[in-house]
Amino acid sequence: MNDMRILERDVDTNTIKIAARGVQVYYGDNHAIKDVDVDIQDKTVTAFIGPSGCGKSTFLRCLNRMNDTIDVCRVEGDIRIDAEDIYDKKVDPVQLRAKVGMVFQKPNPFPKSIYDNVAYGPRIHGLAQSKSDLDDIVESALRRAAIWDEVKDRLTAAGTGLSGGQQQRLCIARAVATEPEVLLMDEPCSALDPIATAQVEELIDELRQSYSVVIVTHSMQQAARVSQKTAFFHLGNLVEYGETGTIFTNPEDPRTESYITGRIG
Amino acid sequence: MTEASMPAPSAPRQRVSLTAPDARTQKRKAAEARFRMYGVAGIATGIFFLIVLLVSIVGSGTGAFQQTFLNVSVYLDPAKLDKNGNRDPADIRKVSTFGYTPLIQDALLKQVQDNGIETPLEKRGDMKAMISASAAAQVRDVVIDNPDLIGETVDFRILASSRVDGYLKDRVKREDVARDKNIDAEHLDLVDALIPLGVVKKTFNMDFITGADASESRAEAAGIGVSMIGSFFMMLVVLVLALPIGVAASIYLEEFAPKNRITDLIEVNIANLAAVPSIVFGILGLSVFIQFMHLPQSAPLVGGMVLTLMTLPTIIISTRASLKAVPPSIRDAALGVGASKMQSVFHHVLPLAAPGILTGTIIGLAQALGETAPLLLIGMVGFIASNAPDSIASGLLDPNSAMPAQIYEWAKRADPAYYERAWGGIIILLIFLITMNTIAVILRRRFERRW
């Protein structure tokens, strides 16, 4: 049944949002990402799968230069978003991260009110002209993250007081509030129960309308459910990249097949 | 596999009742009980010594908060105090305390004779041992302020001598008086007779809290007030300098500085500085601030700067620890929505670390408040005999003392009356420290309770 659903999925557009060529990442002496080429399309959910330590999260963090915060980490190669090299010296990573939002593995709301959590990004980027503007941005972000109905009566309550699933959706709302063009999600459901996971997955599917979504996941079912394109990483190499349906039903590389069938990983 | 090489499975394990613990379990239980006992014993010893300390401090120090006074009516003789009779302030000032002493002694003698007390002390000079050397100055100050009082008989509450004060506080005993040339047994008899009449009276001693230090022979007049002001100014300097410098340095080192050999070296040295004896900071202050920069000696500004140097490592270490304790996910979250490094630190990390920073700062301040050694080297043991109101006007650059240095000075002096003052000073110092620590706890609770 799952397979049926996968086969029905098409890639909506063919515009390339992110183009990576010859990306190498080193942590000190450790060569973590080896010569990865990948094209990530706009308005598409792209899933990165692979065993632990294969470099999928590292590669994801290259896309908004979060790796810059790690001293020993060194990135080589060429990553372009809308044909602009994001590792160009003139690029300010702060501006880049406003354009490429990120949701982390563990829900990490700020210890502030729900409203302030969502309003923080728009505030520092000056997206709102007035208080009512900001209210609108917060409301629409919370609505898009499918959490508005649950929190609309307690926007001044602490974001950290929500349940795990709600916190993660709050973090998604926080990420979409800055109007990014790409949304990176690093195992967004690993700390959530199945019900919250289902809610977040539904949300990801909706977000696809407006953003290019890149999701790292350990769950192959999740990759199959939410993504249109899948990339399989193994030991720092991008082994196979293609339509999710093809990867899961008819992989070219034997390593992909072994991983999907559960023989390695 | 032979029988010998492998331990033969022993006879079916004996069934042991759960209600009867076996030897091994009993041994483990005994070890645990012993360990608990050591803990309880350790804590009990600590509490015992703390109680002994508090009892001895309070027992020895409360005396300083009480003082014996003599209520006498002094006839301010115009013939002695204003020979020209024109009440000219300049003329009145010319009369030194030597002009007042006989008047006070006469007044006390008259009080004794009017009340019909039988005593062999019949001369004016016999009263000297009863009256503090400060009394004349006290009366003179009042007269200079109010020249119109000359010619009248005015009621004064003057300080009794420290021996009389000690007699009322059981510090001076009758059997010791024989060897004491400052006071005789007859004086004590006289004191006994004057107590019921209300002439000699022991009351609360506000002057100890607000007053200035006094010379070696006038223990009864010494107070800690002026050095309290000195300490206050120093704490102000420490707070103003150490808090921003310390917090900024730790934020830079913790959040911005590249991790390399140089920052490692700095880190190690900060940790070492925290363990450097405080007297070394005193020498540093002496050579840099006083000898090189020519700042005035004994000034609270210099004292505060030296204590700042001493407190900085404490503040930096505690601030860095509380910055480290902020989960990295908060920094990631802030960077992830496009905050700059600085915004992520100041908007998110610093508020979360604030309780720890405040606690560290207040503990650093408390440490600085109680520090004596470096102050001795930069001369913060000024002998300031002027009283509080004049010194409050004096500021950061005027010579002063500090509470712990003042206590040290008193403890050094020979007169046992100063011993009592030293303990009294320690009580005040402890009250300050406890207050500061309480503030630290309250601030921490308040900030932590926000979420």
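At-a-glance table
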quantity	calculated
Residue among B:Ser344, A:Leu162, A:Ala141 farthest towards the positive dipole end of the protein assembly as shown, charges placed on Cβ	A:Leu162
Ordering of B:178-188, B:413-423, A:102-112 by burial proxy (mean other Cβ atoms within 10 Å per residue, highest first)	A:102-112, B:413-423, B:178-188
For chain A, share of DSSP beta bridges that run antiparallel, in % to the nearest 5	60
Rounded FRET efficiency, nearest 0.05, which uses the C-beta distance separating A:Gln129 from A:Ala19 and R0 of 35 Å	0.50
Shielding score for A:130-140, defined as the mean number of other chain Cβ atoms within 10 Å	0
Spacing of the two label points (7 Å from each Cα toward its C-beta) at B:Phe35 and A:Asp78, in nm	6.4
Rounded to the nearest 20 debye, dipole of chain A from Cβ charges on Lys, Arg, Asp, Glu	600
Aspartates and glutamates with Cα under 15 Å of A:Lys152, excluding same-chain neighbours fewer than 8 positions away	A:Asp116, A:Asp135, A:Asp136, A:Glu139
Average partner coverage of A:102-111, which counts Cβ from other chains inside 10 Å	5
Which of B:Ala249, A:Ile247, A:Thr44, positive extreme of dipole for the protein assembly as shown (C-beta unit charges)	A:Ile247
Ellipticity estimate at 222 nm from DSSP helix runs (n ≥ 4, -39,500 (n - 2.57)) divided over chain B, nearest 500	-18500 deg cm²/dmol
Spatially near lysine pairs across the stretch B:66-205, Cα under 14 Å, sequence gap of 8 or more or different chains	8
Spin-label zone in the stretch A:45-79 - amide nitrogen under 18 Å from a point set 7 Å from the Cα of A:Val91 along the C-beta vector	A:57-70, A:73-79
Whole-number percent relative contact order across chain B, with pairs defined as alpha carbons under 8 Å at least 6 apart	18
Ordering of A:90-100, B:16-26, B:90-100 by burial proxy (mean other Cβ atoms within 10 Å per residue, highest first)	A:90-100, B:90-100, B:16-26
Computed label-point distance, nm, for sites B:Phe383 and B:Asn260 using a 7 Å Cα→Cβ extension	5.7
Furthest towards positive pole of dipole, B:Leu76, B:Thr435, B:Trp423, structure part the protein assembly as shown, Cβ charges	B:Trp423
Under 14 Å from A:Lys106, Cα to Cα: aspartates and glutamates that are on another chain or at least 8 residues apart	A:Asp186, A:Glu187, A:Asp193, B:Asp332
Mean Cα-pair separation over length for the stretch B:66-205, i.e. relative contact order, pairs under 8 Å, 6 or more apart, %	41
Estimated FRET transfer efficiency when R0 is 25 angstrom, pair B:Ser215-B:Val95 (beta carbons, to 0.05)	0.75
Set of the stretch B:40-66 residues, backbone N closer than 15 Å to the point 7 Å along the Cα-Cβ line of B:Lys202	B:59-66
Given charges at beta-carbon only (K, R positive; D, E negative), |dipole| of the stretch B:126-253 in Debye	440
About the Cα centre, charge dipole magnitude for the stretch A:176-265 (Lys/Arg +1, Asp/Glu -1 at Cβ), debye	260
Cβ-derived FRET efficiency at R0 41 Å, B:Ala411 paired with B:Asp77, nearest 0.05	0.50
Average beta carbon contacts from partner chains per residue of B:325-336, 10 Å cutoff	6
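Read-outs throughout are calculated quantities, based only on the coordinates presented, and are distinct from any laboratory measurement. Owing to the predicted nature of the structure, the values given are computational and were not obtained by experimental measurement. All Cβ positions, even for glycine, are placed from backbone atoms using ideal geometry, and neighbour counts span all protein chains on display.
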